[in-house]
Amino acid sequence: MRRFYPREKVQIAFGGFVAALGAAALLFFLILYLPLRAEYRAAGETIARLEAETAVRRAALDRLEAASDGLDQAGELWSRFLRERLIPRDEGYAAMIPDLERLARFAGVSRDRVNYNLIEESQFGVYAVVINMPIRNSYDSLTRFIEELENAETFFILDSILLSRPDVEDDADLNLELNLTTFFSEQP
């Protein structure tokens, strides 16, 4: 057997220590690398899944924003409709009665009485007013009045028409009973 010098013994011991340290480092690397590699792949898959979910949510958010814009535009249109076509509730009958009288005068129809019935329950920010209005005149005047109602600044809905002849045979005029609905807005 060969005899080792003390310096060789130290070198062999140091080499063995470095080899053992290298083997331990390699084992630690393999022990830590394999789980980290699996976690890295899982993190990559999670990132891809989250990016896909983000894209879906972004598309849903875009749809909701478009719907919100549409609702805002509809709200603006509704408010403009209320301002332009409906009488504010605080003005009420004072604004509607002259409008109906002006239309009746323009069409040349005579009216006896007008009954108004305000429905106190508000729906969608408006109050309905039911109007019963008997009028009398020739057929042409009556149709002109109905046409004027359709083109009036105030929004009127013609619910029903009851046409009748007067009791006197030689009278050429017709009796017409109109049931109208108009609306008052809550906001001025």
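In table form, for the structure just shown:
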| item | result |
| --- | --- |
| Qualifying residue in segment 89-111 (condition: in the same structural domain as residue 156 (by TED's automatic domain parsing), touching a residue at least 12 places away in the same chain (Cβ under 8 Å) and of a type in the set (S, T, N, Q)) | yes |
| Complete set of residues in segment 113-128 that are assigned to a strand (DSSP E or B) and exposed (fewer than 15 other Cβ atoms within 10 Å of the Cβ) | 115, 117, 118, 123 |
| Filter result for the condition that a residue is closer than 30 Å to residue 185 by Cβ and modelled with pLDDT of 85 or more, over 39, 45, 76 | 76 |
| Residues (of a type in the set (Val, Ile, Thr), more than 37 Å from the chain's Cα centre (by Cα) and modelled with pLDDT of 85 or more) located in segment 110-140 | 135 |
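Conditions tested, residue by residue: (1) at pLDDT below 85; (2) more than 34 Å from the chain's Cα centre (by Cα); (3) buried (at least 17 other Cβ atoms within 10 Å of the Cβ); (4) part of a helix (DSSP H, G or I).
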| position | (1), (2), (3), (4) |
| --- | --- |
| 142 | no, yes, yes, yes |
| 145 | no, yes, yes, yes |
| 153 | yes, no, no, no |
| 158 | no, no, no, no |
| 162 | no, yes, no, no |
| 167 | yes, yes, no, no |
| 171 | yes, yes, no, no |
| 179 | no, no, no, no |
| 182 | yes, no, yes, no |
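Residues are listed down the side, and each one gets a yes or a no for (1) touching an Asp or Glu at 6+ places or on another chain (Cβ under 7 Å); (2) among the basic types (Lys, Arg); (3) surrounded by 11 or more Cβ atoms within 10 Å (Cβ to Cβ):
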| position | (1), (2), (3) |
| --- | --- |
| 14 | no, no, no |
| 44 | no, no, no |
| 53 | no, no, no |
| 62 | no, no, no |
| 78 | no, no, yes |
| 83 | no, yes, yes |
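The values are calculated or read from the model by the stated rules, or taken from the named source; none is laboratory data. Note that the structure is predicted; figures quoted are calculated from it, not measured. Here the Cβ is made from the backbone with ideal geometry for all residues, glycine too, and neighbour counts use every protein chain on show.
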